[in-house]
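Please treat every number below as a calculation from the coordinates, not as lab data. Here the structure is a predicted model, which is why all the values come from computation and not from measurement.
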Amino acid sequence: MHEDKGTCKGACKEYKVRKPRDGTSRYSSGQVRCQICGVFMSRESCHDREGRPATDETVDLYCKCCNCMVRSRPRNKPGTKHNKKTPQEEYNELRKKY
Ligand SMILES: [Zn+2]
Ligand SMILES: [Zn+2]
């Protein structure tokens with residue numbers, strides 16, 4: 001039965017979290033956004049694809065309330081830049097090898 005999928009049942013109110021006081025972004029403090037319920041919640045309030053409790057390693061998070069996938073990061077995730085090399089950097093690294 002998937003009847004209740006995509007419907008807010010109000011259970012999310014229990015998981016709802018406030019905006020971090022120190023001004024850091026919600027996503028970077030581990031909060032996720034359920035667009036169906038319209039609330040931010042902690043990722044511990046979600047389950048993974050198999051319905052198991054979410055951990056730090058869980059990539060796909062689902063809202064326990066509406067069973068829909070939640071967003072765990074902003075569209076343009078800040079902070080990933082330093083992991084990605086620019087073409088110039090890769091070129092430089094290749095050159096070092098020879
Ligand atoms: Zn809800
Ligand atoms: Zn939800």
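Sequence-ordered 3J(HN,Hα) estimates for segment 34-48 from the Karplus curve with 6.51, -1.76 and 1.60 and θ = phi - 60° stand at 9, 7, 6, 7, x, 10, 8, 9, 6, 5, 5, 8, 10, 10, 8 Hz, glycine and proline given as x. Mean separation of Cα pairs under 8 Å and 6 or more residues apart, divided by the residue count, gives the chain a relative contact order of 26 percent. Starting from the Kirkwood radius over alpha-carbon pairs of the chain, derive D by Stokes-Einstein at 10 °C in a medium of 1.306 mPa s and give it in µm² s⁻¹. Using the Kirkwood radius from Cα pairs, D works out to 103 µm²/s.
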